[in-house]
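Single-structure report; data block below.
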Amino acid sequence: MKKRLGLIIDQERCIGCEACTVACKIENRGAKGWIRVKTLNVAQKDTPEGRFPDLKMHFFPQLCQHCERPPCVEACPIEALIKHEDGPVSLDKEKCDGCQTCLDACPYDALIFNNEMDKAEKCNLCSHRINQGLEPFCVICCEGQAIYFGDLNDSNSRVAKIIADRETFQLHPDEGTGPGIYYCPPSSPRGL
Amino acid sequence: MAVDVDTKLIRTVCPAHCGIDACGILAHVRGDRVVKVEPADFPNPKYRRICLRGLSSLEITYHPDRLKYPMKRVGKRGEGKFERISWDEALDTIADKFKDIAAQYGWPAIGWTLGGPGAGTTKFGAYLRLASLTQSTRVSAWGYGDSGLPCGSRVLFGTHIPYGMLYGTLFTESRAPDVLVVWGSNPGEAQPLNVMRPIMDAKEKGTLLVVIDPRFTVTASKSDVYLGVKPGTDTALALAMMNVIFQKNLQNDAYILRHTNGPYLVRIDTRKFLRGKDIGAQEENEYVVWDSVSNSFRTRNAAETVPSLNGAYAVEGLECKTALQLLKELAEEYPPERASEITGVSADIISKLAERVGKAKKVTFVTNMGFTRTYHGDISFRAMGTLAAVTGNVTATFKGGHLPAVLNWKPFLHANPDKPSYARLGILQLYDAVISGKPFPVKAVWFSFINFLNQCANSKKIKNEMFPNLDFIVVADLFMTPTARFADILLPVTSYLEFSDFVPFPYPYVQLQQKAIEPLYEARSDVDIAAGLAERLGYGEYFQGGEDAFVDLILDSKDSSLEGITREKLKQGAMPLNSIPEMAEEFDIPFSTPSGKIELYSENLYEDGQALPVYLEPLEVPVSTAKKKYPLAFIQGHSRFRTHSMFANVASLLEMNPEPVVEINPKDAAQRNISANDRVTVFNDRARTTLKASVTEGVGPGVINITQGWWIDQFEEGSVNHLTHDVINPVQEKIYEPNMHMNDVAVEVIKYKEGQS
């Protein structure tokens with residue numbers, strides 16, 4: 001089976017620190033980090049939901065889902081967005097003319113618009129690193145060790161095993177995009 | 001590692017003062033510039049790590065506001081007017097001034113106020129060596145929030161740092177605990193790598209995670225059980241848990257018998273331990289137990305004795321009870337219902353948690369210095385530690401010595417063995433030494449690794465009473481901090497990429513913080529600065545060879561754990577300690593307490609009313625519901641965006657977390673007509689602090705939180721430490737060093753009104 005590189009983000013281990021965001025910005029020099037951490041179900045980040053002391057707070061790192069059938073690629077009128085054989089969806093910044101069609105097409109709000117350069121930006125799964133046999137930079141900088149990288153199609157890979165063994169979910173499966181990013185949901189408190 | 005040919009990779013360490021995380025860093029150097037930092041490899045890949053601050057650390061090194069050359073003050077103190085001078089002029093001025101002051105008041109009038117060196121050693125050791133040689137004063141910074149824990153730990157365990165005994169096993173490959181209780185600590189933000197990762201690993205293996213904290217922190221968000229305790233009431237909670245444990249007979253009697261002073265008899269008349277001489281035994285000073293076989297008093301080591309753990313005994317009119325009996329009687333006063341009223345935690349949860357802890361095979365207690373930053377925080381620690389001890393959860397297999405011996409600073413002290421060492425003052429005792437000359441006058445202060453005005457209690461007092469009483473202030477720093485503005489001489493120091501140091505962390509490794517680039521501008525390393533001053537004071541011979549020589553001084557100190565480890569080898573990467581303390585199943589730890597055992601009962605504190613871990617109300621935190629002038633408890637959590645006051649000026653972190661906010665519960669906010677993002681003023685009799693409100697359930701009613709470390713100039717008015725007090729707890733002073741009680745402060749909050757400062 002062909003390679004399908006992707007990530008699993010383990011919400012059980014994500015501590016919402018945003019090291020991934022900082023790491024991404026350093027590695028890719030984007031206008032913003034291409035991976036951003038939201039606090040679930042609240043308007044204000046780092047804020048729990050519920051009423052004290054019965055509270056919960058979960059973090060949700062959001063980034064390009066490296067779809068199997070990426071709507072952004074389809075939408076881009078000048079083919080600046082490319083779906084690679086081995087999984088990543090990347091953006092050719094040279095080509096991009098800043099039309100923002102892709103921003104509207106993406107159901108994951110994953111593309112970022114760089115106002116200064118008048119171009120779109122997005123996570124390319126650190127293809128410059130993975131082509132050298134390295135992991136994406138956010139993976140090695142994750143404080144909680146909550147991001148797992150690998151070949152989703154290789155049944156021996158750690159990521160494939162996690163998908164087989166643990167509860168995982170994908171974002172908006174109804175959109176038919178076939179995301180290459182899986183999430184492990186946080187566990188429920190077991191109580192006493 | 002694939003990088004282009006022009007890039008050099010230097011393995012170094014981020015030594016920021018976030019506990020002892022000491023992340024290994026691979027610095028990418030192109031020409032004379034570090035262009036990137038990334039987490040370096042470790043022999044065990046689990047230790048490869050970096051945090052968002054470490055990732056941003058290049059912004060410190062290349063910050064436009066770096067102090068670039070030595071300066072002398074030309075305006076008034078605090079005005080921030082300085083003039084560039086040469087290093088020679090700076091060091092000559094300091095040496096002359098120190099000599100003048102010493103001639104008039106003696107060398108102890110020079111106070112080396114050294115804050116947190118992080119994971120570094122030689123940079124701190126250099127100043128200690130100079131303080132020691134000149135017999136001036138070392139101002140210990142434990143008391144700026146951290147000494148409550150060692151105070152409590154010294155009484156209970158006889159050890160300064162109890163982590164090894166409480167949660168050392170988290171760092172070994174041993175079995176995950178059944179229950180892990182994180183008490184008054186938020187490693188999820190404050191120590192995400194060294195502590196939070198192994199906590200999450202344990203939870204993955206099935207450990208039940210319990211978090212006790214007034215705030216619903218990141219750590220709490222990962223918990224199975226959260227107890228939102230009121231600040232400063234932890235002792236009542238621990239006593240109530242012991243109440244349930246004793247009631248249900250879930251304590252670990254065998255452990256208590258073997259490792260604690262629980263079976264020793266206490267005289268009811270004097271409340272001191274019964275001694276051999278009281279019963280006519282030859283071992284006059286030996287502790288006495290009640291032998292349940294012969295029904296008689298016996299000294300503790302007498303042959304064939306089966307000591308009773310409980311009960312009252314009288315012989316010839318001498319009435320005694322076992323120490324454990326006295327502890328049980330104290331715990332009896334705190335049924336869960338009573339503790340619930342004090343702590344705000346439901347009685348049901350207290351009972352169930354106590355039962356769970358009592359029945360579990362292995363419970364690990366993780367704590368740090370948060371809940372000991374209250375007036376009676378040392379007792380809070382003792383109460384938690386006592387709970388751990390009576391349930392047999394103080395690790396007798398992980399000898400406290402998990403830190404290499406270098407941390408006693410011995411290699412740096414007694415450079416001249418004929419000379420006695422420095423005088424010592426706690427940081428809170430420095431206030432009086434400067435202001436009223438007690439116990440001796442301090443006239444000059446050197447500040448390194450500390451933003452004193454920003455981070456120490458009662459800012460106005462420091463500014464208005466302390467600083468004006470100092471003849472001379474030296475600050476060595478990277479930036480014009482709120483403290484630096486008050487310097488007479490201001491010295492630019494290097495960032496971590498510009499000097500070398502020895503880093504004895506993370507356990508079980510040691511690392512070399514290797515210089516990646518030459519110092520920028522005219523900045524110098526602390527070792528170089530100390531050496532330059534030493535030269536002028538006549539001690540140059542003890543500072544030859546710079547940082548490398550001091551690193552070797554530690555490596556050659558004949559500590560067996562460092563054998564075979566060299567500076568050259570460390571340039572390649574982290575090395576494991578050569579010998580690691582024994583990990584036998586169980587052995588008797590010689591606790592450095594008077595009894596050599598864990599002291600459930602401390603007779604030395606009887607006169608202070610604290611022989612047992614009694615619950616005493618916090619100094620300021622309003623516990624009762626009675627109407628008070630300042631009804632809100634103010635606490636200071638730690639933020640992942642800063643390490644104390646470091647990184648508060650880093651642009652990419654400010655982008656994510658732009659300004660200080662006060663967290664307030666919606667109920668308290670509504671009562672005060674405060675909405676989200678309103679400007680509000682937090683105040684008490686000491687000061688006013690104005691900032692933005694964050695209305696959140698993350699703190700309980702009656703509690704407000706402002707994360708610590710924001711610089712004074714980042715507030716509209718005031719700051720966190722404008723609100724804190726500098727009251728000395730005399731019992732802590734007696735035990736070790738008085739603490740600052742940043743989490744024991746009462747305030748009121750109102751909507752900000754113009755022109756009302």
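Values in this text are rule-based calculations from the coordinates and carry no lab data. The structure displayed is predicted, hence computed values, not measured ones. A quick note on method: Cβ atoms are made from the backbone with ideal geometry, for glycine too, and the neighbour counts reach across all protein chains shown.
Could you tell me which residue out of B:696, B:644, B:728 lies farthest along the dipole of the stretch B:632-751 toward its positive end? Charges go on the beta carbon: Lys and Arg +1, Asp and Glu -1, centred on the Cα centre.
Among B:696, B:644, B:728, the one farthest towards the positive end of the dipole of the stretch B:632-751 is B:696.
Expressed as a rounded percentage, what relative contact order does chain B have, with Cα pairs under 8 Å and six or more residues apart?
This gives 20 percent for chain B.
What is the average number of partner chain Cβ atoms found within 10 Å of a Cβ in A:52-62?
Taking all residues of A:52-62 together, the mean is 5.
Are there trypsin sites (Lys or Arg not before Pro) in the stretch A:39-140 that DSSP marks as loop and that have at most 16 other Cβ atoms within 10 Å, and which are they?
Those that pass, being in a loop and sparsely packed, are A:45, A:93, A:95.
Could you tell me which of B:303, B:550, B:235 has its Cα farthest along the dipole of chain B towards the positive end, charges placed at Cβ (Lys, Arg +1; Asp, Glu -1), taken about the Cα centre?
The Cα lying farthest towards the positive end belongs to B:235.
Taking the Cα centre as origin and putting +1 on Lys and Arg beta-carbons and -1 on Asp and Glu beta-carbons, what dipole magnitude results for the protein assembly as shown, to the nearest 20 debye?
Using only the charged Cβ atoms, the result is roughly 560 debye.
Compute the separation of the alpha-carbon centres of the stretch B:414-489 and the stretch A:72-110 and state it in Å as a whole number.
First find each Cα centre; the distance between them is then 59 Å.
Within 10 Å of each residue's Cβ, count the other Cβ atoms and sort A:25, B:667 from fewest upward.
B:667, A:25
Please arrange B:737, B:518 by counting, for each residue, the other beta carbons lying within 10 Å of its beta carbon, fewest first.
By the 10 Å Cβ count, ascending: B:518, B:737.
Only counting other Cβ atoms within 10 Å, I'd like B:107, B:183 sorted with the fewest neighbours first.
The fewest-first ordering by Cβ neighbours comes to B:107, B:183.
Any idea what the relative contact order of the stretch B:1-160 is, in percent, if you count C-alpha pairs under 8 Å spaced at least 6 apart?
Computed value for the stretch B:1-160: 15 percent relative contact order.
What range in chain B is the longest one free of GluC sites (Glu not before Pro) that are in a loop by DSSP and have at most 13 other Cβ atoms within 10 angstrom?
Segment B:317-562 is the longest.
What whole number of Å gives the distance from the Cα centroid of the stretch B:152-217 to the Cα centroid of the stretch B:313-365?
Answer, in whole Å: 22.
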